[in-house]
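Below: one structure, written as structure tokens.
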Amino acid sequence: MNTRIIIAAAIASFGSQLAFGQMGGYGGGQPPRKTGGQSQQMQTTTTKTVMPVGVKGYLDNVIGNSKDHKFHMTVNGKDLPLAPVKFHEEQKLGAGKSAMAVDMKGVDGKVYEIDFVTSGGVVTDGKIRKINGKAL
């Protein structure tokens, strides 16, 4: 008779924990906390970064984010701030690539012609081709 009472008490105890969700792994746990009458919620946001398209977009982005609003290149180991003067016509190279030359005036008073190469509209390379109209 005592064993029946013990078994019944054990089943009742186990059953009540399941019914009220207080055993781990059965979806139980603590209810959400409320602060100031409002439940806390997590909110995630995503920021979409837009890549500049083409040489003009690239230069606008770089110059806009520069402290002195200049395009900077390293020439002979020295930083050279440049400002765009003239954009030449874009030339298609094939396979989704193109090139565009840009005349840029340096703080040293010289005009540098820089060839920018794009792939899929994104600038991948830039090289100085001429200084004051003379090829290197």
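The values are calculated or read from the model by the stated rules, or taken from the named source; none is laboratory data. In this text, all values refer to a predicted model and were calculated from it rather than measured experimentally. Note that we place each Cβ from the backbone using ideal geometry, even for glycine, and neighbour counts take in every protein chain shown. To get the accessible areas, we keep the full protein, side chains included, count just its heavy atoms, and leave off ligands, DNA and RNA. Shrake-Rupley method; radii C 1.70, N 1.55, O 1.52, S 1.80 Å.
Which of the residues that make up the range 78-95 are out of contact with any strand residue (DSSP E or B) (no Cβ under 6 Å at 6 or more places or on another chain) and open to solvent by less than 90 Å² (accessible area, probe 1.4 Å)?
Passing the criteria: only G94.
Can you pull out the residues in the range 61-86 that are closer than 17 Å to K105 by Cβ and outside any strand (DSSP E or B)?
Hits for the range 61-86 are V62, I63, S66, D68, H69, K70.
Contact list please: Cβ distance under 6 Å, first residue in the range 111-136 and more than 18 Å from K56 (Cβ to Cβ) and in a strand (DSSP E or B), second residue of a type in the set (A, V, I, L, M) and modelled with pLDDT of 95 or more, pairs at least six apart or on different chains.
I128/I114
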